[in-house]
Amino acid sequence: MRAYIIATGYFDELLPIAEHSPQPLISLIDKPVIQHIIEGLVELNVKEFDFLLYHFPEKIEAFLGDGKRWGCTFRYHLVKNPESAFHKLLNIWNSTDELTLVGNTSEIPDFRILFDILISNPIKAIEPKTTIFFRNHQDNLLNSVKQWTNWGIFDRELVNKFLFPANSSIDDSTVASAEKRLLELYQEGYLSGIDIDSIPLCSLKDFASESKSVLAKHHSFISLSRPENDPGIWISRNVTIHPAANLVPPLFIGENSQIASRTTIGPNVVVGANCFLDENSNISNSLVFTGTYIGEGLELKNSIVYHRTLINLEIGTTLTVTDDFLLAPLIENPFKKWVYHLFGRISAILIFLLISPIFIVIYIYCAISQKRNPISCKPFAKIPAEYSPESWKNGKLYYFKSPDNIRNETDFFIYSLLPGILSVIKGEICLVGLPPRTREEILQMPFDWRCSYLRSKAGLITEEIVTHGFGANEDEKCASEMYYIAVENNLHDLSLINKFCLRLIKSFFFEI
């Protein structure tokens, strides 16, 4: 059987964590949500997976790979709107599959029930064949309308005939309309329904409460990667815990984390991998995400911490902490990053020395024609940066002529690239990267584009210029930037420089 997993990955209730990570990659205790789901389905002998992606698709694909890690085959499909996921699903549905399993990372079902249906009792013996799964929760018992888990086993004939007939539009195949129609078909007897235990994970409160439930062993179908070290205490590999630290079960500590002296952790605490909890800190009923530093003497209760972001679940407030002594991200390989930037600045100096005669000639020409200092500067927000605008720092991009008036590669080289090298030498921008933007321009970008942009680096030579020249529309700009973010590496940067030089030569001879 083939599984179609809707992993569009964005919920407003997950902000601000959703600004950095898609929902499928947010960890439930020790593993990302999507990994829990895959491992549960692999136990059912599901070997082929199709994932429908929307938010940070490149992160999900990079994490999962081709599926060989689980002995499976993975395929990925991009949707433009998470609400249209079912419409996309119809387009890719394998017509040779009589029955397919459809699920959503918004909820983790009890896979043991699926095992009983798929393996213990052959599904073809069940009438009707299509079976959907309802939440077996207390609030569902009090509500006369059943709540769908977004999981089910679907018969293609029923889907085409009743759920999404051939003349249905995109609006008829949204997630909301699909759920409404499924409930109607269930009440009319066209499909069967089963109540199962499940874990909803659509909000930060869901992650906090369900993590607590898993630690309390209320969801026995969720297995942690490590056995308990002591009752209610899970400690991963390579964790350093000071003898004077106080551990109060239940709690989980991720790999490579360090717990300092006189620190109290628990109850109901999950500490992600690569975290550092400094002396005298006190953490209870909280989630600490991967790569976070908790400062000395800091007390956290009923909170979620992601690097500099502190979310208080009791009063529903979010705070960005700028003091590195309180909360901070733990940066991996800072020396490697420093060497990379130093190499970039040295390269810019060598390039500037090589083209300095051209720079001097252009400078004198512009100074005489404009009768003033010809070099102007445009402020821009340095990236990579945190999502919060309060943490953004400004840089200066030097130019002879406004970028808005650039017509071709020759103009760009003379009026933007030559003076822009000075900004590279100062370490404020890279030679290759994404187009530099002001704070206002970044804030006006679509949410998903903005999140991806803030994780990359700004540069003078861009994928957009090399691929589309200077007349790209908004869709081409977005596609170019998303592609660069997905493949960003030093070899690709060198390739872009080489391609730009070829375009520059062609443009120069065309001008002549």
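We did not get these values from a lab; they are worked out from the coordinates using the rules stated. Just so it is clear, the structure is predicted and the values come from calculations on it, not from any experiment. Because the Cβ atoms are built from the backbone with ideal geometry, glycine has one as well, and the counts that use them run over all protein chains shown.
Could you give me the ³J(HN,Hα) list for the range 262-277, computed from phi with Karplus coefficients 6.51, -1.76, 1.60 and θ = phi - 60°, whole Hz, x at Gly and Pro?
Result, rounded to whole Hz: 6, 8, 10, 10, x, x, 6, 10, 10, 10, x, 6, 6, 9, 9, 9.
Report the one residue of L41, L298, V214 whose Cα lies farthest in the direction of the positive end of the charge dipole of the chain (charges on C-beta: Lys and Arg +1, Asp and Glu -1; origin at the Cα centre).
Farthest along the dipole direction, towards plus: L298.
Which shape class, rounded, prolate or oblate, goes with the range 26-74 when its Cα gyration tensor gives a ≥ b ≥ c as root eigenvalues, a/c under 1.5 marks rounded, and past that a/b bigger than b/c marks prolate?
Here the range 26-74 falls in the oblate category.
Of the cross-linked pairs K80/K382; K212/K393; K47/K80; K426/K499; K477/K506; K47/K477, which ones have a Cα-Cα span greater than 31 Å in the structure shown?
Numbers: K80/K382 28 Å; K212/K393 38 Å; K47/K80 27 Å; K426/K499 25 Å; K477/K506 22 Å; K47/K477 37 Å.
Where the Cα-Cα span goes over 31 Å, the pairs concerned are K212/K393; K47/K477.
Order of 367-376, 490-499, 260-269 by packing, highest average Cβ count within 10 Å first? Don't skip to the answer; put the middle values down first.
Values: 367-376: 11.8, 490-499: 13.9, 260-269: 19.7.
The densest-packed peptide leads the list: 260-269, 490-499, 367-376.
Evaluate the chain: find the radius of gyration of its Cα atoms, find its Kirkwood radius, and give the ratio Rg to Rh. Display every interim value, and only then the final one.
Details: Rg = 27.0 Å, Rh = 26.0 Å.
Expressed as Rg/Rh, it is 1.04.
Is there a quick way to get the dipole size of the chain? I mean about its Cα centre, with the Cβ of Lys and Arg at +1 and of Asp and Glu at -1; what is the value in debye to the nearest 20? Write down the numbers at each step before the final one.
Values: 47 positive and 59 negative charges, 352 e Å.
Charge dipole of the chain: 1700 debye, to the nearest 20.
Take each complete run of DSSP H in the chain, measure how far its Cα atoms stretch along the helix's own axis, and keep only those covering 27 Å or more with mean Kyte-Doolittle hydropathy at least 1.0; list them. Don't skip to the end; give the middle numbers.
On the way: long enough: 334-370 (46 Å, 1.39); 490-511 (31 Å, 0.48).
Membrane-span-like by this rule: 334-370.
Counting helices only, and only those DSSP H runs with n ≥ 4, report the 222 nm mean residue ellipticity of the chain as the sum of -39,500 (n - 2.57) divided by its residues, in deg cm²/dmol to the nearest 500. Provide the component values of the computation, followed by the final result.
On the way: 15 runs with 165 residues, N = 512.
So the helix-based figure for the chain works out to -10000 deg cm²/dmol.
Take every DSSP beta bridge whose two residues both sit in the chain, then give the antiparallel share in percent to the nearest 5. It would help to have the intermediate numbers written out before the result.
Details: 30 of 78 bridges.
Close to 40 percent.
When the Cα centres of the range 210-271 and the range 9-46 are compared, how far apart do they sit, in Å?
With the range 210-271 and the range 9-46 each reduced to a Cα centre, they are spaced 20 Å.
Towards the positive end of the charge dipole of the chain, with charges on Cβ (+1 Lys, Arg; -1 Asp, Glu), say which of F352, L191, T438 has the farthest Cα.
The listed residue farthest towards the positive side: F352.
Taking H placed 1.01 Å from N in the peptide plane, check which residues at least 5 places from V239 or on another chain put their amide H under 5 Å from its amide H.
Hits under the 5 Å cutoff: N256.
Going by average Cβ neighbours within 10 Å, how do the peptides 235-246, 35-46 rank, with the highest at the top?
Values: 235-246: 13.9, 35-46: 18.8.
Highest-to-lowest ranking by the protection proxy: 35-46, 235-246.
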